[in-house]
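For reference, the structure discussed in these notes is given below.
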Amino acid sequence: MVRCVLLLTLAGVCFSCSTRKNTPLNRAYHNLTSRFNVNFNGKEALKAGEIEHEKLCKDNYINILPIYCYPEKTELSSIYPSMDRVIEKASKSIYKHSMFFKGKEYVKPIDDAYLMMGKAYFYKQDYVQAQRIFSYIISTHKNGNCIEEAMIWNARCAVRQSYFTRAEEQINETKYYVQPKKSKKLNLLYAAAGAEYELSAPDGDYETATNYIDDILKNKPKKDFRIRMYYILGQLYEKLEQPASAHDYFMLVAKKSNSYEMEFNARMHLATNYDGSPAKRAQIMRELNKMLKDEKNEPYNDQIYYAMAEINRIDEDTTERMTNLAKSVAAYKENNYQRTYSSLQLADLYFDQEKYPQAKAYYDTATTSMPKSYPNYEAIKQKSAVLTELVDNLQVVVVQDSLQRIAKMSEKDRDRWIKGQIAAYKAEKARKEKEERDRELALQSALGYQNYNQLNNSGGSNKWYFYNSSLMQAGKTEFLRKWGNRKLEDNWRISNKQQISFEDMAAMNDPNAKNEDDTEYDDDGNPILKRETDPEKERYYTQDLPLTPGAIDTSNEMIAEAMYQAAIIYFDLLNDVPRGMDMLDKFYKRFPDHKLAPSVLFIQYNRYKEMGSSKQETPKQIILTKYADTDYARLIREPDYYKRLAEENQKMERKYETAYQAFTDKQWQRVISMSDEALAVCTDKPLRSKYAYIRAVSVGQVQNKEAYRAALEGVLSEYGDQPVAELARILLADLDPAPVTQPTAAAAEEIANAGQSPFVYAPNDWHYVTLIVDVHKRNVMTLKTDVSNFDREFYSLQKFTINSFYITQDKQIVTVSRFENKETAMDYYHAISRNDKFSGDIQSGVITVYAMSAANYSNYYKKKDIRSQYDDFFNEYYLDKK
């Protein structure tokens with residue numbers, strides 16, 4: 001055998017190992033070399049990458065577990081080196097050893113090379129590239145040894161891209177390739193892909209999913225995957241209301257799982273198998289309280305409290321349910337899914353009770369902690385934004401009503417109320433201070449007692465505190481309970497730090513220093529009182545009270561506007577008609593003569609009309625009598641008013657097309673005549689602006705410069721907010737000697753403050769990733785070396801260019817270029833931001849990292865005065881933080 005191998009090797013060398021000659025010796029050589037050299041190394045790298053990928057997985061036990069775990073794409077940088085090595089080895093195998101003649105591959109390991117390359121792209125979540133490779137195997141290597149597996153992975157790509165129709169077709173087609181093979185591996189992979197489809201597709205079926213998982217188990221998967229299937233079956237049978245089957249599978253998980261987290265969650269399902277009976281409730285609550293007392297379960301207390309809240313939900317005990325949901329949120333350690341889920345449920349309950357400040361607080365908590373992989377992430381975030389806006393408006397009503405109520409008190413009652421508020425604040429403050437002192441004394445006493453016992457129990461061993469693990473743990477536990485998980489840094493006790501210079505501190509401590517007059521003044525030169533922030537001062541409670549008729553009018557206007565906006569949100573964004581109607585009723589009862597009253601009545605009329613209610617007559621008659629001259633009355637008298645108006649506008653549009661054709665044909669006088677006729681009757685502003693513009697240009701062709709200038713200035717003055725205004729400005733700029741007046745410095749500042757960003761969002765343009773560095777705190781040459789090493793390790797298949805230059809005396813910009821679009825740049829941004837070499841400096845502000853499109857990069861570099869605005873732009877358009 002050895003002699004044969006040597007002969008084959010020598011023959012291969014003699015024939016120059018050619019892949020262009022389809023001879024038995026060449027085929028033997030390339031089969032041997034690709035299988036046991038290049039492909040072997042690639043497969044080893046793939047195994048290493050899969051192990052690292054598994055470490056990144058974090059399951060969400062609130063929902064049904066997916067068949068396979070997929071980490072956030074932003075967290076995948078640690079698998080890039082292994083997966084890039086797989087792609088490199090596969091590419092090398094194909095390039096050096098492939099012998100493809102007349103539609104057939106004669107080197108069998110080449111199929112394996114393509115397959116492992118596709119898997120590497122799949123694990124990197126580049127599903128488009130992975131699908132291209134799997135499709136190539138299916139279409140080109142039909143007689144290869146990997147077509148069935150490629151079809152399975154191709155179907156998984158479609159599922160991950162939410163192409164469910166395509167995925168279903170591919171799974172059904174794959175069935176006829178896989179089943180005849182009688183391969184346990186292929187049948188397991190096929191069943192897993194089918195189950196993944198059923199659990200992912202909007203029309204997926206739980207019962208079909210259980211059948212697929214049963215097929216997985218028949219093919220004897222590895223232990224961890226088998227236990228995962230047991231857990232999923234338990235969840236599915238709960239959904240299918242088969243508690244006995246669910247109990248059996250969760251029991252298997254509890255007995256056999258190597259993961260304590262999975263075992264814990266299985267036991268939670270077993271514990272909360274509640275039928276509503278008092279005996280069962282008592283048993284479950286005993287079990288849950290026992291779990292709470294077990295220190296090993298401390299990271300899971302949030303889930304235990306949530307389970308208690310679920311028992312309360314079944315018992316319809318809303319008060320106790322809200323208490324346990326609040327405890328679940330407060331017990332948060334690192335489970336963002338649970339925190340989000342508990343916060344959303346508690347927010348909904350507060351909202352139903354119209355306790356809007358609490359509801360808003362928990363909605364904010366939910367959206368802050370919600371991972372992007374959370375089910376219906378975008379929909380929940382949108383709902384949260386809508387509800388936050390609604391709660392803000394409702395809170396305005398609550399606050400202003402309270403302020404008006406206090407303002408209407410007699411001076412004596414108001415003074416008594418304020419003193420009561422101050423006394424309550426001081427009492428609560430004293431209670432907290434005493435509690436803190438007692439806690440510290442108890443800790444000192446406990447530590448001293450433990451030290452004493454430790455010395456006695458160790459036979460006089462004089463063990464220092466920091467060498468004593470039990471005392472260290474006790475101290476750590478108390479610290480975390482008292483202070484939370486604080487970052488190790490200066491002034492760690494202070495959560496809201498403000499930078500103060502040595503000069504500021506010296507001035508603050510100098511008794512002879514004069515306080516400058518920092519009083520602010522209004523437009524009339526009157527001093528503006530600063531807001532009182534001390535709850536122990538009386539003005540803290542009186543500063544916002546509407547104590548004058550003007551202040552009451554302002555307060556009422558705020559209430560009316562907020563009530564109207566809340567009603568619109570109910571109708572248009574939440575589709576909650578009853579609450580919207582209730583809000584409009586309250587509005588009209590309070591503000592029957594408000595400027596928004598006609599709009600409120602008209603909305604009521606239309607809504608009652610849609611419901612077929614006779615109540616429509618009341619707002620209808622008020623509009624027809626009290627607001628007879630408004631468009632609302634006209635719409636009631638003439639229901640097709642807007643339809644006729646739209647038809648008139650369509651006629652004017654057709655006339656404009658005729659006028660524009662005359663404009664194109666240079667029939668200037670005809671254009672002027674047609675425009676004059678249209679401007680006399682047209683009411684649509686955008687269309688009027690177009691007529692005015694082509695008229696102005698036509699005037700410039702047949703009349704003098706002054707008439708031309710006057711016509712263009714008329715366009716600017718009347719239609720400055722329309723698109724044609726910019727065209728008019730350009731034409732005016734060409735007229736000499738009367739250039740367009742440039743805005744003053746104040747006007748320019750006003751424009752800048754109007755929220756118009758100088759940067760343009762272009763996600764599909766070429767991008768750069770920039771690291772802006774404080775040169776006094778980080779050596780730039782060392783940083784560039786670190787970036788280069790990072791690229792070599794995690795992006796070995798990419799060829800990036802790294803440059804640096806000064807943008808200020810204290811800062812340099814290090815540029816990594818270039819990236820195909822925003823998505824690839826942001827992948828790099830997240831990867832480098834999480835890397836240990838850079839994360840510390842990024843968090844401390846020594847390095848600031850951005851992704852920039854090519855155009856924005858140029859603007860950032862050239863225009864120093866706009867750089868400070870890029871941070872807001874980047875947060876809004878790249879990090880989705882408004």
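Worth pointing out:
- In the range 763-796, residue farthest from Gln843 (Cα to Cα) [restricted to those that are open to solvent by less than 20 Å² (accessible area, probe 1.4 Å) and within 22 Å of the chain's Cα centre (by Cα)]: His767
- Condition met for Gln382 (open to solvent by 50 Å² or more (accessible area, probe 1.4 Å) and assigned to a helix (DSSP H, G or I)): yes
- Reported count of residues in the range 631-661, each being open to solvent by 40 Å² or more (accessible area, probe 1.4 Å) and either among the β-branched types (Val, Ile, Thr) or in a helix (DSSP H, G or I) (or both), is 21.
- Of Tyr850, Tyr828, Tyr857, all but one fail to be more than 19 Å from Thr782 (Cα to Cα), of a type in the set (Ser, Thr, Tyr), in contact with a Phe, Trp or Tyr (Cβ under 8 Å, 6 or more places away or on another chain) and at pLDDT below 90; the exception is Tyr857.
- Scanning the range 861-874 for residues that are at pLDDT 85 or above and surrounded by 13 or more Cβ atoms within 10 Å (Cβ to Cβ) gives Ile866, Arg867, Gln869, Tyr870, Asp872, Phe873, Phe874.
- Yes/no for Lys239 being on the phi < 0 side of the Ramachandran plot, open to solvent by 70 Å² or more (accessible area, probe 1.4 Å) and free of Cβ contacts under 8 Å to residues at least 24 places away in the same chain: no
- Qualifying positions in the range 364-376 - open to solvent by 40 Å² or more (accessible area, probe 1.4 Å), assigned to a helix (DSSP H, G or I) and touching a residue at least 12 places away in the same chain (Cβ under 8 Å): Asp364
- Residue in the range 99-109 that is part of a helix (DSSP H, G or I), within 36 Å of the chain's Cα centre (by Cα) and not β-branched (Val, Ile, Thr) present: no
- Qualifying residue in the range 134-155 (condition: assigned to a helix (DSSP H, G or I), of a type in the set (Ser, Thr, Tyr) and either closer than 21 Å to Glu52 by Cβ or without any contact (Cβ under 8 Å) to a residue 12 or more places away in the chain (or both)): yes
- Scan of the range 839-852 for residues that are part of a helix (DSSP H, G or I) and of a type in the set (A, V, I, L, M), ordered by number: Ile842
- From the options Gln604, Gln621, residue that is farther than 29 Å from Gln400 by Cα and not hydrophobic (A, V, I, L, M, F, W, C): Gln621
- Checked against the criterion of being open to solvent by less than 30 Å² (accessible area, probe 1.4 Å), within 30 Å of Gln382 (Cα to Cα) and either assigned to a loop (DSSP other than H, G, I, E, B) or of a type in the set (S, T, N, Q) (or both), the range 807-827 has no qualifying residue.
- The set of residues in the range 568-600 being out of contact with any Phe, Trp or Tyr (no Cβ under 7 Å at 6 or more places or on another chain), assigned to a helix (DSSP H, G or I) and aliphatic (A, V, I, L, M) consists of Ile568, Ile569, Met581, Leu584.
- In the set Asp348, Asp302, Asp352, only one residue is touching a Lys or Arg at 6+ places or on another chain (Cβ under 9 Å) and of a type in the set (Asp, Glu); that residue is Asp302.
Yes/no per residue for (1) in contact with a helix residue (DSSP H, G or I) (Cβ under 8 Å, 6 or more places away or on another chain); (2) open to solvent by 60 Å² or more (accessible area, probe 1.4 Å); (3) not in a helix (DSSP H, G or I):
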| site | (1), (2), (3) |
| --- | --- |
| Gly42 | yes, no, no |
| Ile64 | yes, no, yes |
| Ser77 | yes, no, no |
| Ile87 | yes, no, no |
| Ala90 | yes, no, no |
| Tyr95 | no, yes, no |
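- Whichever residue in the range 828-838 is in a helix (DSSP H, G or I) and not aromatic (Phe, Trp, Tyr) and, among such residues, is nearest to the chain's Cα centre (by Cα): His830
- Every residue from the range 710-762 that is more than 30 Å from Thr683 (Cβ to Cβ), modelled with pLDDT of 80 or more and surrounded by fewer than 13 Cβ atoms within 10 Å (Cβ to Cβ): Val760
- Among the residues of the range 530-567, those identified as open to solvent by 60 Å² or more (accessible area, probe 1.4 Å), closer than 30 Å to Lys419 by Cβ and outside any loop (DSSP other than H, G, I, E, B) are Arg539, Tyr540, Pro549, Ile552, Asp553, Thr554, Met558.
- Checking each residue in the range 213-227 for being open to solvent by less than 30 Å² (accessible area, probe 1.4 Å) and part of a helix (DSSP H, G or I) picks out Ile213, Ile216, Ile227.
- One residue stands out among those in the range 131-156 that are open to solvent by less than 20 Å² (accessible area, probe 1.4 Å) and of a type in the set (Phe, Trp, Tyr): the one that is farthest from Lys108 (Cα to Cα), which is Trp153.
- When residues of the range 157-194 are limited to those that are over 20 Å from Tyr121 (Cα atoms) and hydroxyl-bearing (Ser, Thr, Tyr), the one most open to solvent (accessible area, probe 1.4 Å): Tyr176
- Residues being surrounded by 17 or more Cβ atoms within 10 Å (Cβ to Cβ), at pLDDT 85 or above and not polar (S, T, N, Q) - total across the range 255-272: 3
- Test result for Leu601, touching a Pro at 6+ places or on another chain (Cβ under 6 Å), of a type in the set (A, V, I, L, M) and surrounded by 14 or more Cβ atoms within 10 Å (Cβ to Cβ): yes
- Flag if Arg695 is under 20 Å from Ala662 (Cα atoms), at pLDDT 90 or above and open to solvent by 40 Å² or more (accessible area, probe 1.4 Å): yes
- Failed condition for Thr210, given (1) open to solvent by 30 Å² or more (accessible area, probe 1.4 Å); (2) part of a helix (DSSP H, G or I): (1)
- Scanning the range 168-187 turns up at least one residue that is within 20 Å of Phe40 (Cβ to Cβ) and assigned to a helix (DSSP H, G or I).
- Filtering the range 258-275 to residues that are in a helix (DSSP H, G or I) and touching a His at 6+ places or on another chain (Cβ under 9 Å) leaves His269, Leu270.
The values are calculated or read from the model by the stated rules, or taken from the named source; none is laboratory data. Bear in mind that the values here come from a model prediction, so they are computed numbers and not experimental data. Virtual Cβ from ideal backbone geometry, glycine too; neighbours counted across all protein chains shown. Remember, those area values only see protein heavy atoms, side chains included, never the ligands or the DNA or RNA. Shrake-Rupley method; radii C 1.70, N 1.55, O 1.52, S 1.80 Å.
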